[in-house]
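Take a look at the structure set out below.
The values are calculated or read from the model by the stated rules, or taken from the named source; none is laboratory data. No experiment lies behind these values; they were computed from the predicted model shown. As a convention, Cβ positions derive from the backbone with ideal geometry for all residues, glycine included, and neighbour counts pool all protein chains shown.
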Amino acid sequence: MYRGLCIQPPFFEIGPKSYLYGKQVLDLALAAEAAAEKYQVQVIFTAPFADIRMVAEATRRILVFAPHIDPIKPGRGVADILPESVKAAGAVGTILNHCEKPISLARLRQSIQRADEVGLLTMVCADSIAEARAIAQLDPNIIVAEPTDLIGTSQTSGHAYVEASIQAVKSINPEIRVLQSAGIRSGSDVYEIMLAGAEATGSSSGIALAPDRAAMVDEMVRAVREAWDARQHG
C-alpha cells in the first residue's frame, strides 16, 4: 500500500471512461474541482490516458487517477501502460481490475507492487465479496465493491451488501478504504448508499450521460457531504 497520500472518507470517484474526451473531460474535471472545494469532499477523477496531463495541470484539488497500468518497467512493452509515465503525466493513482479491463490475481499483485514502487495509489475493483476479501490481502489503498451486473444500470447495491463488503475488507486490513459503486444515477442514490455506511461512492455514465454534467457532479458531491454529516450527527 502506497502511503504517500492520505485518502480520507468521505470521498467520491468520477470516471468518464470513453464517453468523453478532450475539452469535455477538462470541463468535467473543472466541475469536479469546484464541487470538491465547495463541499470539502475528496474527489478522485479517473481521466482517459490521453487527457491525464491536461487535467492534472488544470486542477489542484482533485486526485487524478489513470484507468489502468501494466506491471512493466522502462524498456520493452509497446502499447503497455508504464507506471512511471502515468506518474510523470500527473496522475497520483490508478484503477485496476475494472470489469472492462479485468486482470488475473497474479498480475494484479504485480501491478499493485509496481504502483507502490513508483508512488501511485491503487483503487482495485472487486465483483463480489469473496473477490474483495482476496484483493484485500494484496494491500491496495481502495477497494471498489462493485457487482458487475449493476454497472450502468439504475440499481444500486443494497444495505446488506454495503455492510458485508466493508466488513470483509476491514477484517483483513482496516486501513483499506471501501468504495461502493455501480448504478449510481442521482444525488439520492449517493445519499442512500453513503447513509448505509459507505466510505465513498462514485459514478461514470450517471454523470457522463447527464444533460448537465456539471450540475450532476455538484448534486452528487453535495449528497456525499450531506449524508456523511448526517451520519456523524446520529
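Structural remarks
- The condition of being among the hydrophobic types (A, V, I, L, M, F, W, C) and buried (at least 16 other Cβ atoms within 10 Å of the Cβ) holds for only one of ALA31, ALA50, that being ALA31.
- Enumeration of residues in segment 1-25 that are of a type in the set (Gly, Ala, Ser) and crowded, with 21+ Cβ neighbours inside 10 Å: GLY15
- Some residue of segment 187-194 being charged (D, E, K, R) and within 16 Å of the chain's Cα centre (by Cα): no
Residue by residue, here is whether (1) under 21 Å from CYS6 (Cα atoms); (2) more than 18 Å from the chain's Cα centre (by Cα); (3) among the charged types (D, E, K, R) holds:
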{"site": "ARG60", "(1), (2), (3)": "yes, no, yes"}
{"site": "VAL78", "(1), (2), (3)": "no, yes, no"}
{"site": "GLU84", "(1), (2), (3)": "yes, yes, yes"}
{"site": "THR94", "(1), (2), (3)": "yes, no, no"}
{"site": "LEU105", "(1), (2), (3)": "no, yes, no"}
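- Residues located in segment 187-215, provided they are farther than 20 Å from SER165 by Cβ and either in contact (Cβ under 8 Å) with a residue 24 or more places away in the chain or touching a His at 6+ places or on another chain (Cβ under 9 Å) (or both): GLY187, SER188, SER205, ILE207, ALA208, LEU209, ARG213, ALA214
Yes/no per residue for (1) touching a helix residue (DSSP H, G or I) at 6+ places or on another chain (Cβ under 9 Å); (2) crowded, with 19+ Cβ neighbours inside 10 Å:
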site: THR94; (1), (2): yes, yes
site: LEU105; (1), (2): yes, no
site: GLN110; (1), (2): no, no
site: ASP116; (1), (2): no, yes
site: MET123; (1), (2): no, yes
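- Boolean, ASP139 is crowded, with 16+ Cβ neighbours inside 10 Å, in contact (Cβ under 8 Å) with a residue 12 or more places away in the chain and part of a loop (DSSP other than H, G, I, E, B): yes
- Criterion: out of contact with any helix residue (DSSP H, G or I) (no Cβ under 8 Å at 6 or more places or on another chain), exposed (fewer than 15 other Cβ atoms within 10 Å of the Cβ), modelled with pLDDT of 95 or more and small (Gly, Ala, Ser) - qualifying residue of ALA215, ALA160: ALA215
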